[in-house]
Structures are given as C-alpha cells and as structure tokens.
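Below: one structure, written as structure tokens.
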Amino acid sequence: MKLRYLATVVVLALTTVAAYAQEQHNVGLYFNPAATYVSNSVPDSGPYAFLGQNSTSAVFYGYNLGGYYDFFHAGKLSTGFDMRYADLHSNNALLRDFLVGVRVSGQPFSHPIKPYIQASVGAGTTKAPDSTVHRSKLDYGVFAGVDYGIARHVDFRVIEIGYGSLTTASTSTIAASGPNIPASKLLNFSSGLVFRF
C-alpha cells in the first residue's frame, strides 16, 4: 500500500475518533511545514546516492500530516498515541515516512503551555535524485515539542524537534556495489497549528 493512501486512512480514522472525544479535547490533528537534516558518515559516489554523489548531508523540506489521541489521563499528564506521515524533498530526492508512536504530554506550567515527548516506529521510503527506484525500510524516531493554546480548539506548535534513523536508498542497497552505507541520521524540525477536538 502506498504511504499516501495509508495517510488518508489514518486521517479518516482520527477524524472518526474525534467525534467521540469532542468534549474532552483528546484528539489533535496537524498539517505542518517540516524540515529534516539527513546525514551519513560515508559518502556514496554511485548512481543511487540518496544525498547526492560524494555528499554526506542534505536538508529536506516538505510537510508532516498526522494526529494524536490521548486516551489516558492522570493529573496533569496524558498518554496516548500519535500517527504521522511526512513527505519531504531535496534536489529531486524523496523521503517519505509513516510513523506510529506512544506519546506523553502534560501541562506542568501555566495552562496554555503543553510540552510532549513521543517515541515512534514505522516505515520510511526513499528515492535517490537520479533514480526511479524506491526503497522502504524500518524507520524510527524520538520527538519532543511544545504546543501553546491560542484558542479553545487551536494550539500553536511552537517547535517540534525529532531525532531518528533510516537506511536510505544507496548504491550498495540498490546496485549491490560501492561502499556499505550505514543508516542515515535524521534531525527533524516542525512548527505550525494543531486543531483539537
């Protein structure tokens, strides 16, 4: 199943859950601009170099789309899950991922400030700039951020920072030649609006 279809199903499922949780504000949906710094310690000089030939880093830009559902509350802490889809591009290379994770949030300070942290796992798909071949591999990440309430059903996501790892497309994984390229490190940044239901 292509990731974009899976993302559509996720959004529809979260919208359905939102109908049952309207009074408790347990569901949040977001569609935010995102940037990811992708780095690797070994340059790829072959035709399937994901970061570009002989390059060890690149910044990918795009968006992330997803939502969370907090189903357990204890005092000022809430626990739930987050599902997200990201679509990012750089120099004709493509990075898409779908992640599901456990999320813990709270309001330890004044009411509008809501920090959160989550650990996610899923599938990442990559395509090198000069190739049509897509590779999907296990993807994981840890994310932390701060939401700030600006209206009854709207939060401003001040910042979200994430760190993860993904084995990307490379000459060694597609053509079985060249140096063995280790998993790339992903440093994610995002900000925008969250709509709560």
* Residue list for the range 27-58, filter: touching a residue at least 40 places away in the same chain (Cβ under 8 Å), outside any loop (DSSP other than H, G, I, E, B) and among the hydroxyl-bearing types (Ser, Thr, Tyr) -> Tyr30, Thr36, Tyr37, Ser39
* Quickly run through the range 127-149 and pick out the residues that are among the β-branched types (Val, Ile, Thr) and either in contact with a Cys (Cβ under 8 Å, 6 or more places away or on another chain) or modelled with pLDDT under 95 (or both). => Thr132, Val133
* Asked: Got a sec? Which of Asn40, Asn26, Asn32 is buried (at least 20 other Cβ atoms within 10 Å of the Cβ) and more than 22 Å from Ser172 (Cβ to Cβ)?
  -> Asn26
* Give the residue, chosen from Arg96, Arg152, that is modelled with pLDDT of 95 or more and at negative phi. => Arg96
* Subset of the range 56-78 [at pLDDT below 95 and either more than 18 Å from Phe197 (Cβ to Cβ) or β-branched (Val, Ile, Thr) (or both)] -> Ala74, Gly75, Lys76, Leu77
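Taking the range 172-197 on its own, how many of its residues are touching a Gly at 6+ places or on another chain (Cβ under 6 Å), closer than 30 Å to Asp44 by Cβ and not in a loop (DSSP other than H, G, I, E, B)? Let's see the steps before the verdict.
Within the range 172-197, the first condition is being touching a Gly at 6+ places or on another chain (Cβ under 6 Å), and the residues that meet it are 172, 178, 186, 188, 194, 196.
Cutting the leftovers down to closer than 30 Å to Asp44 by Cβ gives us 172, 178, 186, 188.
With the extra rule that they be not in a loop (DSSP other than H, G, I, E, B), the set shrinks to 172, 186, 188.
Number of matching residues: 3.
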* Output the number of the condition that Ala169 fails; it satisfies all remaining conditions of (1) part of a loop (DSSP other than H, G, I, E, B); (2) surrounded by fewer than 16 Cβ atoms within 10 Å (Cβ to Cβ); (3) of a type outside the set (S, T, N, Q). => (2)
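Can you tell me how many residues in the range 99-139 are farther than 21 Å from Gly28 by Cα, crowded, with 18+ Cβ neighbours inside 10 Å and either free of Cβ contacts under 8 Å to residues at least 40 places away in the same chain or among the small types (Gly, Ala, Ser) (or both)? Talk me through it step by step, then tell me what you get.
So in the range 99-139, the residues farther than 21 Å from Gly28 by Cα come out as 123-139.
Next, from what is left, pick out any that are crowded, with 18+ Cβ neighbours inside 10 Å: 124-129, 131, 135, 139.
Right, trim to either free of Cβ contacts under 8 Å to residues at least 40 places away in the same chain or among the small types (Gly, Ala, Ser) (or both) and you get 124, 128, 131, 135.
Summing the residues that are farther than 21 Å from Gly28 by Cα, crowded, with 18+ Cβ neighbours inside 10 Å and either free of Cβ contacts under 8 Å to residues at least 40 places away in the same chain or among the small types (Gly, Ala, Ser) (or both) in the range 99-139 gives 4.
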* Asked: Is there a residue being surrounded by fewer than 20 Cβ atoms within 10 Å (Cβ to Cβ), more than 19 Å from Phe156 (Cα to Cα) and not hydrophobic (A, V, I, L, M, F, W, C) anywhere in the range 64-75?
  -> yes
* To do: Report yes if Ser105 is within 24 Å of Gly149 (Cα to Cα), out of contact with any His (no Cβ under 6 Å at 6 or more places or on another chain) and either at pLDDT below 95 or part of a strand (DSSP E or B) (or both), otherwise no.
  => yes
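For the range 79-91, name all the residues that are at pLDDT 95 or above and either crowded, with 22+ Cβ neighbours inside 10 Å or not in a strand (DSSP E or B) (or both). Before the answer, list the steps.
Step one: list which residues in the range 79-91 are at pLDDT 95 or above, which gives 79-90.
Residues satisfying the conditions are Asp82, Met83, Arg84, Ala86, Leu88.
Conditions (1) closer than 18 Å to Ser120 by Cα; (2) of a type outside the set (S, T, N, Q); (3) under 18 Å from the mean Cα position of the chain (by Cα), marked per residue:
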| position | (1), (2), (3) |
| --- | --- |
| Val27 | yes, yes, yes |
| Pro33 | no, yes, yes |
| Gly46 | no, yes, no |
| Gly67 | yes, yes, yes |
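The values are calculated or read from the model by the stated rules, or taken from the named source; none is laboratory data. None of these values were measured; they are calculated from a predicted model. Virtual Cβ from ideal backbone geometry, glycine too; neighbours counted across all protein chains shown.
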